[in-house]
Amino acid sequence: MSNLRNPGVLTHYLCLLFRFTEFLEPFERVIQPEELWLYKNPLVESDHIPKRVMFAISFLTPLAVIFVVKIIQRTDKTEIKEYLYKQVSRVEDLCCNGLFFIDRML
């Protein structure tokens, strides 16, 4: 087990495993008629996500991760400010890219 920690040995094992599985017979899945009906008529109410919800998720999820990491690692305030500035710039980029994309479509 100790020689598996060596990246060269691990790469060699993975290459051998790939070579072995490359020549195996492929798996073919048989779709039953009842299941085929479900694929033709999926149970989707709506695949529309409102813009405000999408931007809230894209803004609040990374902020939550930043604050959870802050609590766990007890980082100082300067690092948190840097992360927050980066997050705000990412959200602004998302907004601008969306506006530019809509502008190109019109």
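The values are calculated or read from the model by the stated rules, or taken from the named source; none is laboratory data. All values reported here derive from a predicted model rather than from experimental measurement. Heavy atoms of the whole protein, side chains included, go into the accessibility calculation; ligands, DNA and RNA do not. Shrake-Rupley method; radii C 1.70, N 1.55, O 1.52, S 1.80 Å.
For segment 86-106, what are the residues that are open to solvent by 70 Å² or more (accessible area, probe 1.4 Å) and either β-branched (Val, Ile, Thr) or modelled with pLDDT of 75 or more (or both)?
Restricting attention to segment 86-106, the residues satisfying the condition of being open to solvent by 70 Å² or more (accessible area, probe 1.4 Å) are 86, 90, 92-94, 97, 99-106.
Across segment 86-106, the qualifying residues are LYS86, ILE102.
Output the residues belonging to segment 1-26 that are modelled with pLDDT under 85 and either open to solvent by 100 Å² or more (accessible area, probe 1.4 Å) or among the aromatic types (Phe, Trp, Tyr) (or both).
MET1, ARG5 - these are the residues of segment 1-26 that are modelled with pLDDT under 85 and either open to solvent by 100 Å² or more (accessible area, probe 1.4 Å) or among the aromatic types (Phe, Trp, Tyr) (or both).
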